[in-house]
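> The structure follows.
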Amino acid sequence: MTTEAEDPTLTIDELAARSGVTVRTVRFYGTRGLLPPPAIGPRRVGRYGREHLARLALIEELRLQGMTLAAIERYISRLPADLTAQDLAVHRAVVSSWAPEAVETVGRAELDRRAGRRLTEEDVRRLTAMDVLVPAEPDGAYRVDSGLLRLAVQLLDLPFSQEVILAARTTLLDHSRAAARELSALLRDAVPEHTPSDVRTLSAHMQPLVIQALLTTFQRSLRQEVREWLGNDEERGAGD
């Protein structure tokens, strides 16, 4: 995998395998302007990086939401050209938040395909601990939350122990549930007289705004925390 500062290192075959799509699909998206051109390396071989992976993930999420190719092209064309892989991941999070829970039973080969790579037994064990996978009948099959699988697979590559990842998951769940309860209370107080239809209509209008607000404020808060973290480290280093 590349970092933001590294040159693209994936061939088109590797990009397709990591993304869970075919090489033909990657080339097709490129001809439609949905993917930026690859960097050309030695021997005129195209090389792809994190932005390409993130764009493919966003395109596939839009496709799973039922958008036509024309609608996907309009959506992608409106995005700023200089979005980073992290920015694209935020867009994908907003899109995927509207997806219904999609728990399916799949075999091991299909699980690997959806994960975008061959999962080791340790990977499967850790994904099971995250509640993304549940062993199912027949033997060798798994019930998988498709909406969380790709995210969880990316977490496997982070330099954190499983205990840290599970603790972070608990923290996010606790705070998101608390935020949902407080927002619901505010809405109930703001609209004391309501019918079930009123609640559904209000929720439909509010949900995209709330999701975007949560993502934006979390991004900014996390960036501020990282700046302070690095700043404190630099201050300690200067004092040594």
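> Could you work out the mean projected area of the convex hull around the alpha carbons of the range 27-138, in square nanometres to one decimal?
Quarter of the Cα hull surface area: 9.3 nm².
> To the nearest 0.05, how large is the calculated FRET efficiency for Leu172 and Val210 if R₀ is 22 Å and r is the Cβ-Cβ distance?
Step by step, r from the Cβ atoms, then E = 0.90.
> Below 11 angstrom from the Cβ of Thr25, what's the summed charge of the other residues (Lys, Arg +1; Asp, Glu -1)?
Result for the neighbourhood of Thr25: +3.
> Let me ask something else about it. Sticking with the crude label model, points 7 Å out along Cα→Cβ, report the distance from Thr9 to Tyr75 in nm, one decimal please.
The modelled label-to-label distance comes out at 3.1 nm.
> Continuing with the same structure: Give the long-range amide H neighbours of Ala141: residues separated by 5 or more places, or on another chain, with amide H under 5 Å away, using H modelled in the peptide plane at 1.01 Å from N.
For Ala141, whose amide H was placed from the backbone, the distant partners under 5 Å are Ala136.
> Additional query: Would you kindly state how much longer the chain becomes between Arg113 and Gln224 on full extension, computed as 0.36 nm times their sequence separation minus their alpha carbon distance, in nm to one decimal?
36.3 nm
> Add +1 for every Lys or Arg and -1 for every Asp or Glu among the other residues with Cβ under 12 Å from the Cβ of Glu182, and state the total.
+2
> Quickly rank 72-83, 117-128 as a protection proxy: mean count of other C-beta atoms within 10 Å, highest first.
Top of the packing list down: 117-128, 72-83.
> Using 7 Å Cα-to-Cβ label points, what is the Arg125/Arg27 separation (nm, one decimal)?
Simple spin-label model gives 4.2 nm for this pair.
Values quoted throughout were computed directly from the atomic coordinates according to the rules given, and no laboratory measurement underlies them. Model, not experiment: these values are computed from the prediction. Reconstructed Cβ throughout: ideal geometry from the backbone, glycine too, with neighbour counts over all protein chains shown.
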